[in-house]
Amino acid sequence: MAGEGDSEPEKSFKLLGFLDVKSVPCARESVLYGSLGSFVVGLGYFLATSRVRRSCDFAVGGFISTMLGYWFYCRYNLAQQRIRRRMLEQGMRNRILFEGSSFDPERKQTGSEGSDS
């Protein structure tokens with residue numbers, strides 16, 4: 001019985017007030033990889049120079065560059081997957097449509113089919 005009456009809407013997390021991390025594709029992964037990149041770049045710069053304020057600046061830059069880099073990479077792959085899926089769906093539709101007809105690409109064409117003499 002638990003879970004049947006639970007109709008609470010799931011709360012979404014909005015980054016910067018407009019980017020809904022839960023519903024936008026690639027947003028969650030971009031923020032996670034950006035935070036990891038921020039940590040790595042900031043810590044690396046701090047260990048190399050021991051300058052706290054400057055390492056925080058580099059950490060913010062690392063967050064932005066890593067997040068945007070992964071965002072574009074992920075969106076590009078998502079667009080490629082959508083194109084491949086559309087092509088596959090169209091091919092399946094055409095196979096069903098042309099199956100058994102003279103337009104069927106898998107049907108074996110013989111020399112006697114095309115001529116009546």
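Below is a table of values for the structure above.
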item: Relative contact order (percent, whole number), the stretch 25-97, Cα cutoff 8 Å, 6+ residue spacing; result: 36 percent
item: Simple label model, 7 Å out from Cα along Cβ direction - SER65 to PHE98, nm; result: 5.0 nm
item: Burial order of peptide ranges 26-39, 49-62, 76-89 (average beta-carbon count within 10 Å, highest first); result: 26-39, 49-62, 76-89
item: Principal axis box of the stretch 25-97, alpha-carbon based, largest edge first, Å; result: 69, 17, 12
item: Accessible area expressed per residue, the stretch 25-97, with surrounding protein chains retained (probe 1.4 Å, Å²); result: 77 Å²
item: Rounded to whole Hz, the Karplus (6.51, -1.76, 1.60) HN-Hα couplings of the stretch 60-76, x for glycine and proline; result: 5, x, x, 5, 5, 5, 5, 5, 5, x, 6, 4, 5, 4, 5, 5, 5
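The values are calculated or read from the model by the stated rules, or taken from the named source; none is laboratory data. Just so we're clear, the structure is a prediction, and the values are computed from it rather than from any experiment. FYI the Cβ positions are ideal-geometry reconstructions off the backbone, even for glycines, and counts take in every protein chain you see. Keep in mind that these areas ignore ligands, DNA and RNA; they rest on the heavy atoms of the full protein, side chains included. Shrake-Rupley method; radii C 1.70, N 1.55, O 1.52, S 1.80 Å.
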